[in-house]
Amino acid sequence: RFLFRGWPMDPSSSKSSSKSSSQESPPKKKRPAQEDDAMGGTASKRHLASGTPSTSVVVPSAALTMRGQLRRDCDCFLQSNYFIRGDDAEDTVDRHFAFEEPPTLGRTIGMMLEEGYSLATSKMIASTIQAEFERRSALDATHLKRKLRNAAAHPELAWPPAVLHDTSGPSSSSPDTSEEEQCDWSGLDPRLVRALRDGDWAGLGAVELRPGRVYAVPIFAEAFCDVLLARLRAFKDAVADRSRPNSMNSKGVLLDEIPSATEHFTNPFVRDVVNPLARRFLGFRDPLDHHRAFSVEYDASERDLALHFDNAEVTLNVHLGGSFAGGRLELRGDKHLSGEPVVSYANDRRGVGVLHLGDELHRATPVMSSMSSSDDDDEAADDADGTTNGPSRVNLVVWARSTQARVTRGCPMCGSTKYLRRDVLLAPPAAAQEANDEHDAQVEASSS
């Protein structure tokens, strides 16, 4: 059976929103404040009752073991949230699809015809979904092959260990954490360092966009934005065969495929920066112990992002650089509720990140490039800050994830524990590392 989950990018104008009543999201009602929520606990736990940030940050007393980017941890990934965008003479498609069982080409064509799409559009949707299903099925093995290949073939791209580490910073790392796994405080905005280290939250300059749910926070110093852009650019120049950042964006870099980036950058960053920010502003207290981190790029061929929510308990979206107009972040509130006011935010300040709960519905409005159109030596003309001849806009996105939240309250995408791969989520660090090493060896043997 075909299930519809998702929203047209513009419900007031998209043809797909009026195809049939079965495509509309069911009416949603406000829930009682204490009603259990499969995606993130009770409302009282996830949203601060006062609507204001908590007054203190509690750094975990026990060492937080970071697990990097895990393999697929819920099998709903193979059946849900297939985003299709396309136009032909008869139909416009701009929506998500989901299925009760893994899709097949013939069955999907029949379902789309039943939904009222033309034969040509039905075949386009079915073939696109089938190709994406096959990509997702092989994703873990493909990603590991790329990661191993990159580490062996491009040692010059290895992410350097933290330098100028501020040992007085409030790290939640284990006492045994090596210097290479420490957070690089030198790249953070000085106001954020003072807030994390000294508790100077008043001086941080965070902007509340939706109480208890969405905040704009200074994250990186501008000079470090340049460093990040340069490393991303070097990786793209050297490695042509790369994973797409996620199922909706095709342009960008998955940081776990850059040698040592997870160990030297994203693991300590999530542990020592995202965790305390999530506690301070969002009231989210489950440990964020794994993640998916990637860059996204917008240009003339990929200008916007349709309405969606994230496969994350907490998301941090940092603007790194680019010259553009438009491209506002439109936030529409908790996906479980209706009638919440729309917040539109122009995050055009480099180094500033939007921190929000993963179940916040959001979209990116179209980016209008304002860059030079000169074709003279485009590659040489690309500036490190992305302001000429490169992507119109580059952001760094971190989907911070919590094993504890998923096992107790369910996957953020399907809202259930039914399809969770507990062998991935619950493996002890030593056993998980042994299993990963064995899997890596098998992948390496098969690719040699």
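The values are calculated or read from the model by the stated rules, or taken from the named source; none is laboratory data. The structure displayed is predicted, hence computed values, not measured ones. Counting neighbours? That spans all protein chains shown, and the Cβs are built from the backbone with ideal geometry, glycine included. Note: accessible area is taken over every heavy atom of the protein model, side chains too, but ligands, DNA and RNA are not part of it. Shrake-Rupley method; radii C 1.70, N 1.55, O 1.52, S 1.80 Å.
Results, tabulated for the structure shown:
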quantity	calculated
Cβ-Cβ under 7 Å pairs, at least 6 apart or on other chains, the stretch 226-252 side on the phi > 0 side of the Ramachandran plot and at pLDDT below 95, far side assigned to a loop (DSSP other than H, G, I, E, B) and surrounded by 15 or more Cβ atoms within 10 Å (Cβ to Cβ)	GLY252/PRO245
Pairs where the first residue, in the stretch 121-149, is under 24 Å from PRO259 (Cα atoms) and in contact (Cβ under 8 Å) with a residue 24 or more places away in the chain and the second is among the polar types (S, T, N, Q) and part of a helix (DSSP H, G or I), C-beta under 6 Å, 6+ apart	LYS145/SER447
Any hit, the stretch 303-313, residues being out of contact with any Phe, Trp or Tyr (no Cβ under 9 Å at 6 or more places or on another chain), open to solvent by 20 Å² or more (accessible area, probe 1.4 Å) and either at pLDDT 85 or above or more than 13 Å from VAL214 (Cα to Cα) (or both)	yes
Qualifying residues in the stretch 113-153 (those that are over 26 Å from ARG72 (Cβ atoms) and in a loop (DSSP other than H, G, I, E, B)) - the one most open to solvent (accessible area, probe 1.4 Å)	GLY116
Top-ranked residue of the stretch 154-178 - restricted to ones that are open to solvent by 30 Å² or more (accessible area, probe 1.4 Å) and within 18 Å of LEU277 (Cβ to Cβ), ranked as modelled with the lowest pLDDT	ASP166
Complete set of residues in the stretch 208-225 that are in a loop (DSSP other than H, G, I, E, B) and either surrounded by 15 or more Cβ atoms within 10 Å (Cβ to Cβ) or modelled with pLDDT of 95 or more (or both)	GLY212, ARG213, ILE219, ALA221
From GLU101, GLU156, residue being more than 22 Å from the chain's Cα centre (by Cα), under 30 Å from ASP184 (Cβ atoms) and not hydrophobic (A, V, I, L, M, F, W, C)	GLU156
Residue in the stretch 76-92 that is most open to solvent (accessible area, probe 1.4 Å), counting only those that are of a type outside the set (A, V, I, L, M) and closer than 30 Å to LYS418 by Cβ	ARG85
Subset of the stretch 179-207 [open to solvent by 70 Å² or more (accessible area, probe 1.4 Å) and in contact (Cβ under 8 Å) with a residue 60 or more places away in the chain]	GLU180, GLU181
Where LEU288 falls short, out of the listed (1) part of a strand (DSSP E or B); (2) at pLDDT 85 or above; (3) open to solvent by less than 30 Å² (accessible area, probe 1.4 Å); (4) in contact with a Lys or Arg (Cβ under 8 Å, 6 or more places away or on another chain)	(1)
Residues of the stretch 321-332 satisfying the condition of being at pLDDT 85 or above and out of contact with any Asp or Glu (no Cβ under 8 Å at 6 or more places or on another chain)	GLU330
Exclusive hit being aliphatic (A, V, I, L, M), at pLDDT 80 or above and within 30 Å of ARG191 (Cβ to Cβ), set ALA400, ALA384	ALA400
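So that you can scan it fast, the table gives a plain yes or no per residue for (1) within 28 Å of SER402 (Cβ to Cβ); (2) at pLDDT 90 or above:
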residue	(1), (2)
ASP73	yes, yes
THR92	no, no
THR108	no, yes
MET111	no, yes
TYR117	no, yes
SER127	no, yes
ARG135	yes, no
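To keep it simple, each residue is scored yes or no on (1) at pLDDT 70 or above; (2) surrounded by 14 or more Cβ atoms within 10 Å (Cβ to Cβ); (3) more than 26 Å from the chain's Cα centre (by Cα); (4) not in a strand (DSSP E or B).
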{"site": "LEU361", "(1), (2), (3), (4)": "yes, yes, no, no"}
{"site": "SER373", "(1), (2), (3), (4)": "no, no, yes, yes"}
{"site": "ALA380", "(1), (2), (3), (4)": "no, no, yes, yes"}
{"site": "PRO391", "(1), (2), (3), (4)": "no, yes, no, yes"}
{"site": "PRO412", "(1), (2), (3), (4)": "yes, yes, no, yes"}
{"site": "VAL424", "(1), (2), (3), (4)": "yes, yes, no, yes"}
